[in-house]
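Worksheet: the structure to be examined is printed underneath.
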Amino acid sequence: MPRRYHPILVALHWAIAFCLIGLLIAGMTMLAPLANNDPAKLMSFRMHMALGGVTLFLLVARVIVRLLTRTPPRLPTGNALLDRLAPLTHAALYILPLAMVFSGIAFASASNLPDAVFGSGPMPESFVHPARAVHGIASTLLMALIALHIAAALWHQFFRRDGIMTRMWFGAR
Ligand code: HEM
Ligand code: HEM
């Protein structure tokens, strides 16, 4: 069994973490609070949708690499419930970002946003599509889960001292 995740998976983990944190912070501060006819929102839409597309590409690559490579054995926590919870939270950290991308694409294209943002179409007044609600709810869940994930990683690293961070970093496998 390898001691670390595959280096491509490690690179994708950190690249996706960077994209997701950026998208979540920018979505909350530079998109949700502004009205669609606010000129400041146009550039934020552009960056959000482009970065969302890049993130989709990275997420799909990650799922493929994850399925094709061997992973280190699970790290026990000393608590049966936590040991069962860890793989569930990891699965949700794959599913929720995908839900964000697909819901974003769904309500944006239903209101012709790509044409307004990258072309010359009219800006939709608001988004009433049900996928808009999915995007908002999934973003809150994802932020909570990322906070839990970071807390768990720090707890492993500094309280259990089991070297978890080296598993998600580059080096001899
Ligand atoms: C922000 C978005 C993040 C997402 C979506 C995310 C997602 C994931 C997922 C899905 C795994 C499981 C890998 C697998 O089995 O395929 C994982 C592992 C890991 N993550 Fe993250 N992560 C994020 C941020 C972070 C941050 C900021 C840290 C450090 C504080 C971190 C530290 C780790 C570590 C150490 C592992 C390896 C766990 C193990 O060895 O079992 N992650 N992450
Ligand atoms: C993983 C990728 C993504 C993340 C993490 C993300 C995150 C967010 C967040 C946190 C918000 C604010 C939501 C709220 O407060 O209710 C938001 C809004 C928005 N997102 Fe995303 N997003 C992603 C991908 C996409 C994609 C691919 C598109 C479209 C192609 C998109 C289109 C939008 C739009 C149009 C808004 C503004 C909605 C409004 O003003 O009412 N997002 N996003």
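The values are calculated or read from the model by the stated rules, or taken from the named source; none is laboratory data. Remember, predicted model here, so these are calculated numbers, not experimental data. As a convention, Cβ positions derive from the backbone with ideal geometry for all residues, glycine included, and neighbour counts pool all protein chains shown. Surface accessibility is based on the protein's heavy atoms, side chains included, excluding ligands, DNA and RNA. Shrake-Rupley method; radii C 1.70, N 1.55, O 1.52, S 1.80 Å.
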- Task: Return the distance in nm (one decimal) between the two label points of a simple spin-label model at S109 and M1, each offset 7 Å from Cα along Cα→Cβ.
- Result: 4.1
- Computed Rg/Rh for the chain (Cα atoms; Rh = Kirkwood radius) stands at 1.04
- Item | Formal net charge of residues neighbouring P97 (Cβ-Cβ distance under 15 Å; K, R +1; D, E -1) | +2
- What value, in deg cm²/dmol to 500, does the helix sum -39500 (n - 2.57) over DSSP H runs of n ≥ 4 give at 222 nm once divided by the residues of the chain? -23000 deg cm²/dmol
- Accessible surface of segment 88-142 [probe 1.4 Å, protein heavy atoms]: carbon and sulfur percent: 71
- Task: With a probe of 1.4 Å, find how much accessible area the chain has per residue, and write the answer as a whole number in Å².
- Result: 61
- Note on the structure: Between the modelled labels at A11 and A133 (7 Å from Cα along Cα→Cβ) the distance in nm is 4.2
- Message: Could you tell me the relative contact order of segment 7-167? Use alpha-carbon pairs under 8 Å, at least six residues apart, and round to a whole percent.
- Response: 23
- Query: Label-point separation (nm) for V54 and L82, each offset 7 Å from Cα along Cα-to-Cβ?
  - Reply: 3.6
- Derived scalar couplings ³J(HN,Hα) [segment 29-39; Karplus, 6.51 cos²θ - 1.76 cosθ + 1.60; whole Hz; x for Gly, Pro]: 9, 10, 10, 3, x, 9, 6, 4, 8, 6, x
- Message: I'd like the trypsin sites (Lys or Arg not before Pro) in segment 39-87 restricted to DSSP loop residues with at most 13 other Cβ atoms within 10 Å, sorted by number.
- Response: R70, R74
